[in-house]
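A.B. asks: Mind looking over this structure? Questions follow.
The values are calculated or read from the model by the stated rules, or taken from the named source; none is laboratory data. All values reported here derive from a predicted model rather than from experimental measurement. Please note: Cβ atoms are built from the backbone with ideal geometry, for glycine as well, and neighbour counts cover all protein chains shown. All accessible areas refer to the heavy atoms of the entire protein, side chains included, with ligands and DNA or RNA removed. Shrake-Rupley method; radii C 1.70, N 1.55, O 1.52, S 1.80 Å.
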Amino acid sequence: MTESEQQQVTVLGKMLSAERRDGCADRVADSGLSAFIRQWSATAGSAATLPAVQRAIGLLVGYERMTHAERDQALATAIEELRSLFRTNHPTPALATTAPVTLPSLAPRRTSSRQERQRLASDKHPLTDLDLDAKLDQIAGVDSRTVASFRRIGVVTIRDLLYHFPRRYDDVRSRRTIDELQVGAEETVIGEVTDVRTIGTGPKLRVRVEVSDETGSIEAIFFNQRWIAQQIRVGQTIVLSGKVTVFGGKRQFTSPRWERYTPDPDALLHTGRLVPIHPLTQGLHENQARRLIKQVVDTVAPRIPDHLPPERCAQAGLLPLGEALTQIHFPTNHESLAAARRRLGFDEFLFIQLGVLQRKRLWQQEMGLPFTIDLQVHAELLRLLPFRLTAAQQRAINEIFADLQRPSPMARLLQGDVGSGKTVVAAAALLQAVANGFQGALMAPTEILAEQHAKNLKQLLSRVPVPRRSSEAMDGEQYRQTDWRAQLDPEEAARLNEIVQIIGMTPEEDMGGHGVRVALLTGSLGTRERRRVLDGIARGEIDVVVGTHALITETVQFARLGLVVVDEQHRFGVEQRLRLKNKGCNPHMLVMTATPIPRTLTLTIYGDLDVSVLDERPPGRQEIRTRRISRLEREKAYRHIRKQVAEGRQVYVICPLVEESEKLDLPSAEEMYEKLQHEVFPDLRVALLHGKMSAREKDGVMRAFRDHQYDILVSTAVIEVGIDVPNATTIVIEGAERFGLAQLHQFRGRVGRGSHQSYCILISDSDNQQSKERLAALEQTNDGFQLAEFDLQLRGPGEFFGTRQSGTPDLKMARQGDTRLLSEARRMAEAILSDDPALERPEHALLRRRVDAFWTEAMRAG
Ligand code: ADP
Ligand code: MG
């Protein structure tokens, strides 16, 4: 844009903003907005030919015939179009040399009257002049205390207030005469005040109000609200809403809601209706807050621009946004409330889905690395496996192979319960990366797990020969027999030998250079070795690197990274995933998760990934018998342990992390270890594992336990992740109520990994109903998916993960379990994006802003 174009666009933008602020009444321009635009176009020169301007003008054609809502929407979108011309991502030579241009302003209109100027000086405005991003303290007549109280609960702007939804609604619509009042019911009466008196002093102070109608009288008692005596006067007619109780044989209202009677039922705010109960904070008086919310809703909601085009709303049977916001705060009835909830919940799901689907496009829009699946190598892997793949594993591998062959990078989630056999699926994919001349990376959440993965991968891949450079022209058996190394120059060969030695490959595994070279990159590597391994990765001598997430945060350079496998455990955030892009040339990505996640949550958290599910266990697995006992019954658990150990089995005992202050209640792992080793099982071999030990110490203990140098392992929650000791058959979990259901299920997955019957003993004294239900659910089923659904229903998504999942947006209105609404939102998101992938169309400008804002907030909160 040239400077003069900028000026012209600003003139137009200011007019549109003024028109919008004026309530879209088409009276700001002297002879109407359409006439103004015609005139402007005729004189604006090249500014009128800018595409964004054309689109803006196009939106406003026939403005005089539009409804109010259409005008508002058209203006909002048109203004957004004009603003886009000023954004920094549209740099123009002119901009660089001129002073920053002020955007078309949405600030209150300037007027010249003295009164107006005073009002402006005090920075207060009538609501009608303010836009959604205005702060509450700009509203005329709102005191600073209320503003401060709202700020404390995060409500700062008018938009925040509109989205500050009621916690619940008290249905006090049933209006009765005084003689009809039912004790125990929520009721509403209208009557004349016949007596008001203040009784007692200090904390015992109460105001007693007597109200009468033609059928009788009733008392209302207000505790500690001295001001009531000034507000309610004898002779007034008032409305009382609340629960009817009995005191001293007489019916009464205790601290009911009340307001002065008005004959217009719609004017009732605090009584006689579905009364919204908003979350409050100290200093915010309920009625005062409700009055302000009502004022804002009445003034702002009807003219709020809807980010969804009206056709889309109609198609999906959704209320317009303004109506939904009005009804959510002050519902006419239960039906309209339900419709409002549906619309606002839909929005949340929609924003999430638009966000994740856009992210998927971002991941996949650039060229990836299409592999050619080497079926011979794959067959060799299968031949060497000590078991046959389950049908589910085969299906997952097929889905992954199909992805790997595509030109866009794979983005797939492999979901499977503990022990469902995800590792071999990952191994098959990694093997294809190597066979295609690429490198693979496997990232685990902890060092122990990384070590175990490295060990497993080495085992699985150790005898499968892969084609190497210069073998392209060969086929079949040929490449296996070639002495490929002979073709390397001596320096190269020496370096390779050194690498093979460092990563500990035997000649049988090396197979003359055809063996898969798997390296573990963790903190336990010596400095020199580490440098050699990093160098080997950078040169492409190492095929598969296993490590923690440090692999992508550190400066590990890959020669040609083709596939990244993330063993997630809910610790690998979206941002980290995106950071991967900088590490290679758009590698394929496979995310594995062991926690079965309900479908609705999968679509939210992993909505940017395609999903493969291992819903079948390898054969021969037995149900793990699970029982909850109280602490007094611990002896039973000890008898069971003794029996198992006598049969040659091993046992885990898990203790929750214990704070100093709770020591009396629950034993720490250290205390439990002392007790078991010295008092209960002095004759058995007991080991201790806890989070404060170094990775090396932990590894030493785990290794010793795996090699059966110990019978019992006492541990904190560090044991949670994928440790595999088939001979361990019993797990005892102390203070079981302190763990999330997903985590308990993970613990339980430590046993039942061999052929022996396995047991899980949950020790808990908790009386909490929810805890009891959760533990009972574990007793009843071994099915992780079922448990996940159950936990989600019971506790919501935050608790489900134990900690907040980063990047999981908070749902205020939508229920996680509402699969139908979510599917509808997902469908609409797909439809919108297939028309307009980057939400660039003018009719999506508002939507794009809302999606961005929603995700910004989610990221900040996460
Ligand atoms: P996950 O990572 O999904 O919890 P793993 O990949 O560690 O599970 O597999 C658990 C155990 O099951 C391992 O000992 C593995 O060798 C074994 N396993 C995997 N697939 C099969 C199969 N199809 N048949 C028999 N055993 C299997
Ligand atoms: Mg695993």
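A.B. asks: Just to confirm my numbers, what's the Cα centroid distance between the stretch 122-198 and the stretch 1-75 in Å?
C.D. replies: Between the Cα centre of the stretch 122-198 and that of the stretch 1-75, the gap is 38 Å.
A.B. asks: Name the long-range amide H neighbours of Thr626: under 5 Å, sequence gap of 5 or more, or other chain; modelled H, no Pro or chain starts.
C.D. replies: Counting only residues 5 or more places away or on other chains, the set is Cys760.
A.B. asks: Shifting gears a bit: Once the Cα atoms of the stretch 173-272 are picked out, what are the Rg and Dmax in Å?
C.D. replies: That works out to 12.7, 38 Å for Rg and Dmax.
A.B. asks: Which cross-chain or sequence-distant (5 or more) residues have an amide H under 5 Å from the amide H of Leu413, H modelled 1.01 Å from N in plane?
C.D. replies: Val591, Asp610, Val611, Ser612
A.B. asks: Among 287-296, 428-437, how do they line up by average Cβ neighbours within 10 Å per residue, starting with the highest?
C.D. replies: So the order, starting with the most tightly packed, is 428-437, 287-296.
A.B. asks: Leaving ligands and nucleic acids out of the surface, order Tyr163, Tyr710 by accessible area at 1.4 Å, largest first.
C.D. replies: Highest to lowest solvent-accessible surface, that is Tyr710, Tyr163.
A.B. asks: To the nearest 500 deg cm²/dmol, what mean residue ellipticity at 222 nm is calculated for the chain from DSSP H runs of n ≥ 4 alone, each contributing -39,500 (n - 2.57), summed and divided by the residues?
C.D. replies: Calculated mean residue ellipticity at 222 nm is -12500 deg cm²/dmol.
A.B. asks: Let me ask something else. Could you work out the equivalent-ellipsoid semi-axes for the stretch 300-363, taking the square root of 5 times each eigenvalue of the Cα gyration tensor, largest first, in whole Å?
C.D. replies: For the stretch 300-363, the semi-axes come out at 25, 12, 10 Å.
A.B. asks: On the first, second and third principal axes, largest extent first, how far apart are the outermost C-alpha atoms of the stretch 156-212 in Å?
C.D. replies: Principal axes ranked by extent give 43, 35, 21 Å for the Cα atoms.
A.B. asks: Calculate, axis by axis, the spread of Cα positions in the stretch 625-781 along the three principal axes, and write the results as whole Å, longest axis first.
C.D. replies: That gives 41, 37, 28 Å along the principal axes, largest extent first.
A.B. asks: On to the next question. For the chain, give the percent of accessible area contributed by carbon and sulfur heavy atoms, probe 1.4 Å, rounded to a whole number.
C.D. replies: Looking at the chain in its full context, I get 50 percent from C and S.
A.B. asks: Now for a different question. So what is the relative contact order of the chain, in percent, for Cα pairs below 8 Å that sit 6 or more residues apart?
C.D. replies: RCO, the chain: 11 percent.
A.B. asks: Okay, moving on. At 4 °C and a viscosity of 1.567 mPa s, what translational diffusion coefficient does Stokes-Einstein give for the chain, taking Rh as the Kirkwood radius over Cα pairs? Give it in µm²/s as a whole number.
C.D. replies: Reported coefficient: 40 µm²/s.
A.B. asks: Which of the lysines could a cross-linker bridge to Lys636, judged by Cα under 17 Å and excluding same-chain residues fewer than eight apart?
C.D. replies: Lys675
A.B. asks: Would you mind pulling out the separation of the Cα centroids of the stretch 712-765 and the stretch 306-364, in Å?
C.D. replies: Between the Cα centres of the stretch 712-765 and the stretch 306-364 lies a distance of 43 Å.
A.B. asks: Cβ neighbours within 10 Å, averaged per peptide: list 781-793, 751-763 in order, most packed at the top.
C.D. replies: Per-residue Cβ counts within 10 Å, averaged per peptide and sorted highest first, yield 751-763, 781-793.
A.B. asks: Here's another thing I want to ask about it. Suppose we keep just the alpha-carbon trace of the stretch 348-390; what are its Rg and Dmax in angstrom?
C.D. replies: 18.7, 49
A.B. asks: Next up: Under Stokes-Einstein, with the Kirkwood radius over Cα pairs standing in for Rh, what whole-number D in µm²/s applies to the stretch 311-403 at 25 °C and 0.890 mPa s?
C.D. replies: 136
A.B. asks: From the protein chains alone at 1.4 Å, what is the descending order of accessible area for Thr730, Thr446, Thr527, largest first?
C.D. replies: Largest to smallest exposure gives the sequence Thr527, Thr446, Thr730.
A.B. asks: Given 37 °C and 0.692 mPa s, how large is the Stokes-Einstein diffusion coefficient of the stretch 3-84 in µm²/s, with Rh as the Kirkwood radius over Cα pairs?
C.D. replies: 265
A.B. asks: Mind scanning Lys243/Lys812; Lys422/Lys692; Lys458/Lys698 and naming the pairs with a C-alpha gap bigger than 24 Å?
C.D. replies: The answer is Lys243/Lys812; Lys422/Lys692.
A.B. asks: How do Tyr261, Tyr169, Tyr63 rank by accessible surface area computed with a 1.4 Å probe, from largest to smallest?
C.D. replies: Tyr261, Tyr169, Tyr63
A.B. asks: Excluding ligands, DNA and RNA, what is the solvent-accessible area per residue of the chain at a probe of 1.4 Å, expressed in Å²?
C.D. replies: Spelled out: the 1.4 Å probe surface of the chain, per residue, equals 45 Å².
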